[in-house]
1. Using only Cα atoms and rounding to the nearest 10 degrees, what angle (0 to 90) does helix 142-153 make with the longest principal axis of the chain?
2. What FRET efficiency would be calculated for the residue pair Glu104, Asn36, taking the C-beta separation as r and a Förster radius of 30 Å, to the nearest 0.05?
3. Going Cα to Cα from Lys58, which aspartates and glutamates come in below 17 Å? Please leave out same-chain ones fewer than 8 positions away.
4. Restricting attention to segment 1-35, which chymotrypsin sites (Phe, Trp or Tyr not before Pro) occupy a DSSP loop and are surrounded by at most 14 other Cβ atoms within 10 Å?
5. Which distance in Å, rounded to a whole number, links the C-alpha centroids of segment 125-142 and segment 56-96?
6. Among (1) 1.23; (2) 1.00; (3) 1.19, which is the computed Cα Rg over 2.2 N^0.38 Å?
7. Give me the accessible area per residue for segment 59-125, probe 1.4 Å, as a whole number in Å².
8. Can you tell me the dipole magnitude for segment 84-169 around its Cα centre, using point charges on the Cβ only (Lys, Arg +1; Asp, Glu -1), in Debye to the nearest 20?
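The values are calculated or read from the model by the stated rules, or taken from the named source; none is laboratory data. These numbers were taken from a predicted model, which means no experiment stands behind them. Every residue, glycine as well, gets a Cβ built from its backbone with ideal geometry; the counts of neighbours run over all protein chains shown. For accessibility, only protein heavy atoms count, side chains too; no ligands or nucleic acids. Shrake-Rupley method; radii C 1.70, N 1.55, O 1.52, S 1.80 Å.
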Amino acid sequence: KTAALKFIVNENKDFLRYISGAHDKRITTILRNLFNLTNRNLTDLIKAAIETLKKEPKGIVIDEVDRVEDFQALITTLNHIYRETQIPIFLCTNNFKTIKSIPEDAKFTLFLKPIDFPPYNVPELYNILDERLKLVGINIPEEKKALIAALSAGQGSARLLLDLIRTCI
C-alpha cells in the first residue's frame, strides 16, 4: 500500500501532497509539513492550509491515517478544509475499522471508498526479496529465501519480509 502510494505521488508531484500518519502523528505537525507552514495554533494552520490550497490546488494523501493521535479531530479538520477548497483528500489505512469510526457528516463530504490491497502471497514475497537482494548484490541460498518468504506470508507483509532479511544479514 505505502509503496504504491509513494509511487503514485512521485509520478504526480505536481498534483498531490503526501504525508504519513506513522511519522507525523499530530494534526498541527501534519498541516505544517503538508503545506510547509510555521504557524503555531491549529486555527491559523487551517486558515493557511486553505489559502495555500486555493492558490496551489493539490490533492492531499495521508497514509496510515489511523496512527494520527486525534483521529476524529483530524477528520473534522479535513472535512472543513474540503468544504472550503473541494480539493480531493485520500485517506489510507490498513485498518477498515478506521473508516467505520468516521463521523457521518465527514463520510458524506469526503466520499470515502475502501480499496482492498490483498496481502502478498509466498511467490510475490519471494520475488520482492529476490529483487531487493539483487539490488544490493547479496546472494542467499534459494531455500533460505523461500523460507523467509514463507514466514512472511503468514502476515502477507513485505515489511516483515524485509525486517527478517535485515536480521539474517
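1. The helix 142-153 is inclined about 40 degrees to the chain.
2. Result of the calculation: an efficiency of 0.35.
3. Within the straight-line limit of under 17 Å, Lys58 reaches these aspartates and glutamates: Glu11, Asp14, Glu84.
4. Phe15
5. Cα centroid to Cα centroid, the span is 36 Å.
6. Evaluating Cα Rg over 2.2 N^0.38 Å on these atoms matches (1).
7. Result: 59 Å² per residue.
8. 160 debye
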